[in-house]
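As structure tokens, the structure follows; a few thoughts come after it.
The values are calculated or read from the model by the stated rules, or taken from the named source; none is laboratory data. From a predicted model like this one, the values you see are computed outputs, not experimental measurements. Glycine gets a Cβ as well: all are built from the backbone with ideal geometry, and neighbour counts include every protein chain shown. Only protein heavy atoms, including side chains, enter the accessible area calculation; ligands, DNA and RNA are left aside. Shrake-Rupley method; radii C 1.70, N 1.55, O 1.52, S 1.80 Å.
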Amino acid sequence: MGKLKSGFNSSRNKMKLKAIRKGQLRRTFCRNLELDHPYASNFRTTPDISNVIHEEVIDEDDINITPDTDEWRKGRRVIELGVLADNLDCKLCGLPLHLKHAVKINECGLGSILKIMCMNRNCNHLNNVPTGKRHGRIWDINSKVALAAIHIGLGEHQLNAFLSILNMPTVSHKMFDQRSKEVGEVLESLAEESMVEWTEKEKTLTKECGGDESITVCVDAGWQKRGSGRAYDSLTGHCSMIGSKSRKIIGYKWRSKTCRICEVASRKGKIPKIHQCRKNFGGSAKAMEPDIVIDLVREARLKGTNICTIVGDEDSTTIARIRSNVDKDIKKLSDSNHMKKTLGKKLYDLKNKHQSLSTKVINYVIKCFNFLVAQGKGQPEKICKSLPALAKHPFGDHSDCHTDWCRFIEETGMKYRSLPYGKPLSDKSLQASLQQIFSSYAEHSNKLANLESTQGNESFNKTVASKAPKSKHYGGSGSLGYRIAASVVQKNRGQIYTVDANVSAGLSPGVHTKKLFTLRDLQAKKRKAIAVTKKAKLHRIQLKSKRHQNTSSCEVREGVCYEESTALGIEQDITEIPAPVQTVTNQSMPPNLCRIYFDIEATGLSRTSHILQLSAKRDEEMYNSFVLPSCQVTPKAAEITGITFENGQLLFKGNVMPAVGIKKCLNDFISFLDKSHNNVIIGHNICNYDCMVLYTALEKCSLLDKFMTSISGFVDTLLLFKSSHPGLSSYSQPNLFQTLLGQTYDAHRADEDVDALYTLVNKTVVDNCHFEKTYLSKKIILEKYLSMKELQKNLPSLKLLVDNKILSISMARIIAKSGLSLKHLKLAFTRNGTKGIRDIFTESSGSGVRVTKSQKIINKVSEFLQTL
């Protein structure tokens, strides 16, 4: 037995509380316990442990193996507050319990029992306080977490990773399997109920449409591993059978080629224990679909449901096996989506042969085919007669078209909005190829006249993939079956099935569960109703076109991104064409702005000229500085400003002016701005000239970022006066000063210009709305400056195209501003010919296209590049 040691803080008064279990001695230590206490006589029968410090467990070797009594404080727990509150009373004396007196926690998955000591000295009962509800001996929270894992597609490992990151206790594999089986069987039962319900509704709907009880079903299979096109080796697969009228699942089954228990036993060389083996198929993955469909049709007929017609893809083996094994008279209808994909594949195969068959043309031909089939539903003769028109209609020949789908018969002058340039095609060899394709389709007009859709099955497969991800293998146990069953109930009843599953499992569904999934189902109905509208369909087409355009443009700009030969050391074309600059949206003028009136004089009229004088004014405070330039003043600028630069000195009308370096001038100007907040720079024609010269100097001195933090935006008074005083003959600042104020001043000196502008604005522009209308954010001016830099860098390279009359000077400037040079145009043409030029010219720049959509300009540039 373990050794006995003193268990009290007081060495005089000692009392030992013994509990001998499996060779261990438990001792409770108390503090400040005095035997001469007024109630000391009670201690002989009931010791006072109201001031318990802790309990120790010591083994036979005198080693302390005491459990951590603060374990319940560590981490997080799932607790139902109502259950906890109802059980915080002592089971013996009825007095309230306190959580801080908990000494231990027993955990079972996410459920737990707190061991709380009653502090009544006459009771001292150790109470078991549950933290949640139970059904029988099973914690509700464990069943609910298994249902949640199935619903959102988590396995045990993912669930435990999620819990551990939240610092919550993880669940054991055994517990998770047991609870998954519990709720899984409920889900399978609900799935069966819903299928029986919708089978009867399908029969009723078929009768209402004039038929008998023989129904038409849509079938399609899905696999839990993607096929590569060369290998289909999934170990599991499933197939759904959906009523063509109700669009709900009336049958499903799944196949698995593995069983986890059998495989583990086989690896260990043992006989498997008695279990429900999940292996129910031994053939190839491709054979799963016909096997399941045969099983579904046969089972439905045994239950009294006569399936007369099956809708499926273009796989002919499934219907052949059904006719061989079930009913030789069963009918087969094709799926419209698979038919469309088949046509698209044939057209894309022609693309390499016919240059004029672009993606845009292919989409147009498919669209015409869809219109024709939709308008000829149930009329094979009409479709057979109209199919040859698909090889003539895009070429401007409407002799075989029908008014149901062709508007050109009544409106002969219409343009082809979906074809290049709005004009009909003219490639005769392409027309011959199209005639060959559609003549073969005419032989199957009966099939085209009775197309159905398996879109519901595809949607169901997507739901299954969300609950049983293809990256995980759940087919070795019953988990896959439970997840497919959950998908079936969700398809038939909506996400509210989670509430039904809770009720069927004997759990309280909970207000939050019901609230969320009711909302999710309402949102799904709303999305479905919106998705079938014309506006939504057009929006999807536009988004798809935009994504295609963006992808195509990126591929042209990026060059080779992945190619096997790169691993062999072969040099690849990896030069990138710059992306378009996204147009910045102007912002509204913020309130409480501080107006800074501003002007500069420079060495010339070029936007890269050097600053000679910089002046600014805030109310009555003035900043003025002359600057020593790094280049000579042009004669024109000297004539206008009166400023010259001779022998290292700056002269104004022959007088030497005190001047500083450009960096000191700009730093002083920024310090002047920093004395106020929300500064707006106001100047005359500053957008086109002053700001460009100023930004050039700021960037050279590495002060542009610092300047940007000191301002909010700009107001160009040239635009301001055009807004406030329209119709004037001249808007130059001297003319405005004379016209509006009847005065003159010494123009073209920065400090005089600033003073005059200050007076002019404050006396003549009263309405603040004109400032708001002409306000420009600092991002707009920065974009303009960067565009100017691109123009100066790229325009010289485009001179060759201007000289050869391929481009006008204005178009060359647009191309240069967009960041493109002749080198970039050559790269685009080399990578993808005329389409490459079109892709980079027409890609989005935010507010419009990067350069132009003009096919004439695109063709001229392409033809010229071809000669190079």
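In Å², and per residue, what accessible area does the chain have when probed at 1.4 Å with the other protein chains present? Ligands and nucleic acids excluded, the result is 53 Å² per residue. Descending by average beta-carbon neighbour count within 10 Å, the peptides 104-114, 419-429 line up as 104-114, 419-429, the highest first.
Sequence-ordered 3J(HN,Hα) estimates for the range 842-859 from the Karplus curve with 6.51, -1.76 and 1.60 and θ = phi - 60° stand at 9, 5, 6, 10, x, 9, x, 8, 5, 10, 6, 9, 4, 5, 4, 5, 4, 5 Hz, glycine and proline given as x. Note on the range 737-868: semi-axes of the ellipsoid equivalent to its C-alpha gyration tensor, largest first and rounded to whole Å, are 44, 17, 12. Taking the centroid of alpha carbons for each part, the range 830-868 and the range 243-286 are 56 Å apart. Look at the dipole of the chain built from charges on Cβ: of N685, L419, A637, the Cα furthest out on the positive end belongs to L419. Computed from backbone phi, the HN-Hα couplings of the range 82-98 come to x, 5, 4, 4, 6, 10, 8, 10, 5, 6, 9, 9, x, 6, x, 9, 10 Hz, rounded to whole numbers (Karplus: 6.51 cos²θ - 1.76 cosθ + 1.60, θ = phi - 60°; Gly and Pro given as x). Relative to the longest principal axis of the Cα atoms of the chain, helix 140-152 runs at roughly 40 degrees.
Around the amide H of V660, modelled in the peptide plane, lie the amide H atoms of F626, V627, L628, all under 5 Å away and 5 or more residues distant in sequence or on another chain. For the chain, what % of the accessible area comes from carbon and sulfur atoms, probe 1.4 Å? So the carbon and sulfur contribution to the accessible surface is 52 percent. Measure up K544/K789; K144/K462; K174/K286 against 31 Å on the Cα-Cα distance and list the ones that go over. Going by Cα-Cα distance, K544/K789; K174/K286 fall outside the 31 Å limit. The Cα center of the range 795-815 and the Cα center of the range 324-377 differ in position by 45 Å. Along the charge dipole of the chain, Cβ charges K/R +1 and D/E -1, which of F669, Y232, H610 sits furthest on the positive end? Among F669, Y232, H610, the one farthest towards the positive end of the dipole of the chain is Y232.
Need one number for the range 443-588: average projected area of the convex hull over its C-alpha atoms, nm². Let's see the in-between values first.
Numbers: hull surface 79.6 nm².
Quarter of the Cα hull surface area: 19.9 nm².
Three semi-axes describe the equivalent ellipsoid of the chain; taken as square roots of 5 times the Cα gyration tensor eigenvalues and ordered largest first, they are 70, 55, 25 Å. Solvent-free Debye calculation, one equal scatterer per alpha-carbon of the range 159-288: log10 I(q)/I(0) at 0.17 Å⁻¹ equals -1.10. Taking a quarter of the surface of the Cα convex hull of the range 622-675 gives a mean projected area of 4.2 nm². Against the criterion of solvent-accessible heavy-atom surface with a 1.4 angstrom probe, M414, M288 sort, most first, into M414, M288. Across q = 0.11, 0.15, 0.18, 0.25 Å⁻¹, the range 75-161 modelled as identical point scatterers on its alpha-carbon atoms has Debye log10 I(q)/I(0) values of -0.37, -0.62, -0.80, -1.22, in the order of the q list. Here, the range 98-211 has an Rg and a Dmax of 22.0, 83 Å when only alpha carbons are counted. Rg to Rh for the range 201-259: what is it, with Cα atoms only and Rh by Kirkwood? Ratio of gyration radius to Kirkwood radius for the range 201-259: 1.18. Note on the chain: with charges restricted to the Cβ of Lys and Arg (+1) and Asp and Glu (-1), its dipole about the Cα centre is near 2860 debye. Angle of helix 662-673 to the longest C-alpha principal axis of the chain, folded into 0 to 90 degrees and rounded to 10: 60°. Close amide H pairs (under 5 Å, H built 1.01 Å from N) link K248 with G243, residues at least 5 positions away or on another chain.
Each peptide among 543-550, 448-455, 842-849, 118-125 gets the average number of other Cβ atoms lying within 10 Å of its residues, and from highest to lowest they stand as 448-455, 118-125, 842-849, 543-550. A 1.4 Å probe, protein heavy atoms only, puts the accessible area of C701 near 20 Å². Compute the signed sum of charges (Lys and Arg +1, Asp and Glu -1) over the other residues within less than 13 Å, Cβ to Cβ, of K279. Within the 13 Å Cβ shell, the charges total +3.
Once the Cα atoms are used to define both axes, helix 316-325 deviates from the longest principal axis of the chain by about 20 degrees.
Residue-wise HN-Hα couplings along the range 116-126, as the Karplus relation 6.51 cos²θ - 1.76 cosθ + 1.60 with θ = phi - 60° gives them from phi, are 10, 7, 6, 8, 5, 5, 8, 10, 6, 7, 8 Hz; Gly and Pro carry x.
Antiparallel versus total DSSP beta bridges in the chain: what percent is that, nearest 5? Let's see the in-between values first.
Numbers: 59 of 79 bridges.
Taking every DSSP beta bridge within the chain, about 75 percent pair in antiparallel fashion.
Based only on the alpha carbon positions, what is the Kirkwood hydrodynamic radius of the range 338-431, in angstrom?
Evaluated over the range 338-431, this radius sits at 13.8 Å.
Go ahead and estimate [θ] at 222 nm for the chain from helices alone: -39,500 (n - 2.57) per DSSP H run with n ≥ 4, summed, over the residue count, rounded to 500. Don't skip to the end; give the middle numbers.
Working: 30 runs with 377 residues, N = 868.
Per the formula, -13500 deg cm²/dmol.
For the range 350-397, the C-alpha radius of gyration sits at 1.26 times the compact-globule guess of 2.2 N^0.38 Å, with N the residue count.
How would you order 398-409, 762-773 from highest to lowest mean count of nearby Cβ atoms within 10 Å?
Values: 398-409: 15.1, 762-773: 13.2.
The packing order, highest mean first, is 398-409, 762-773.
Under a 5 Å amide H cut-off, with hydrogens placed 1.01 Å from N, K332 pairs with I310 among residues at least 5 apart or on other chains.
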